[in-house]
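No value in this document is a laboratory result; all are computed from the given coordinates. Only a predicted model underlies this, so the values are computations on that prediction, with no experimental measurement involved. Here the Cβ positions follow ideal geometry from the backbone for every residue, glycine too, while neighbour counts run over all protein chains shown.
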Amino acid sequence: MKNKLTLTGANVLLFIFTVVLLAYQFIASFILGEAISGYMYINQLLIVSSAVVYCIVKKIDIRETFRIRKLEPVPALIIILLAVPLYLAAVMLNGIVIYGLQFIGEPLKQNVPVPETLPELVAGILIIAVMPGICEELMFRGLLLTAYEKRGSYRAVVFVSILFGLFHFDITNLAGPVFLGLVFGYYVVRTGSIFAGILAHFLNNLIAELIQYLWTDPNSSESLLLTWQDLLSFIALGIPALIVAAALLYLFRYVTEGKTEIIRPIARPGQDVKAVVTHWPVAAVLAIYVVLTAMSLFAMMAVKSLY
């Protein structure tokens, strides 16, 4: 007999996984330097293996937990059409945050290699698009979304999207992932299929990797300084993209009507927020994020003071 996934168990797993992942990244980045060139592969394998092993050990139904169901063609097509508008909207949101941070310090780029050759592009697509699209979705829109859905389907989408944003542990890349997490979670809840989230996540990261390959100078500055003209460009692209996305999401809602059961909330929003953030594993992850963000802000201020 299969056991049921519990919210407590999912939160504890999230905390343990966060600690292990951050410890591994610290060792790989600061002690071994670039000796482990494939550490990003290992990050993703840690994500998916921890979720799957947890379900096996606890005898939890993997198919139900990860929503392994067929994704119908029409919703899949709309998800594909939404990929570019959503990417532009997420870039705009991140750009607004980065521009604001410049008044505090000098934001730094994430340490993501820029592909310069076709083989590097293929490898980058595998590492940046394929693996996160599968592994992160199984963890967040699979295990965590299923666990949180006991508090209501759409409420779960919100909570998990915030955790997904925090998981990136980068204040310059928080608003975009939270926004995308909301939409990816909506896809999965409305279709009942994890493949909706996997497809959307893959397409978003694929677009980012292609832009890196086609337009990013690998020798460019490590800073993320934006001019007000840059910000206006992001907004000029992002606002129309949001309008297009809203129209397509309305169509998506129409074609997925009645396809799955939408669970109603069990408590008022304030009660839900209190219940989630005061649960010790989530509170611990939040505390870790706050500490790391404070360290990042101090580092940005230190860099700015040098100029």
Q) Per the helix-only calculation at 222 nm, which mean residue ellipticity applies to the chain, given -39500 (n - 2.57) for every DSSP H run of n ≥ 4 and division by its residues, nearest 500 deg cm²/dmol? A) -22500 deg cm²/dmol
Q) In which sequence would Val12, Val160, Val112 go, from the one with the fewest C-beta neighbours within 10 Å to the one with the most? A) Val112, Val12, Val160
Q.
Give the lysines whose C-alpha is closer than 27 Å to that of Lys109, dropping any in the same chain fewer than 8 places away, or say none.
A. Lys304
Q: Go through (i) 19.7; (ii) 24.1; (iii) 20.4 and flag the label whose value is the computed Kirkwood radius over Cα pairs in Å for this structure.
A: (iii)
Q: Counting other beta carbons within 10 Å of each Cβ, put Phe179, Phe66 in order, fewest first.
A: Phe179, Phe66
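Test of understanding: ordering Tyr87, Tyr41, Tyr250 by Cβ neighbours within 10 Å, fewest first, what list do you get? Don't jump to the answer; show the numbers that get you there.
On the way: Tyr87 23, Tyr41 15, Tyr250 9.
Taking fewest neighbouring Cβ atoms as first place, the list is Tyr250, Tyr41, Tyr87.
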Q) ³J(HN,Hα) across the range 7-22 via Karplus (A = 6.51, B = -1.76, C = 1.60, θ = phi - 60°), whole Hz, x for Gly/Pro? A) 5, 4, x, 5, 5, 5, 4, 4, 5, 4, 4, 4, 5, 5, 5, 5
Q: Mind pulling the angle between the C-alpha long axis of helix 73-101 and the longest principal axis of the chain? Nearest 10 degrees, somewhere in 0 to 90.
A: 40 degrees
Q) For helix 175-191, what angle does its Cα long axis make with the longest principal axis of the chain, in degrees from 0 to 90 and rounded to 10? A) 20 degrees
Q) With axes computed from alpha carbons, what is the tilt in degrees of helix 228-255 against the longest principal axis of the chain, rounded to the nearest 10 within 0 to 90? A) 20 degrees
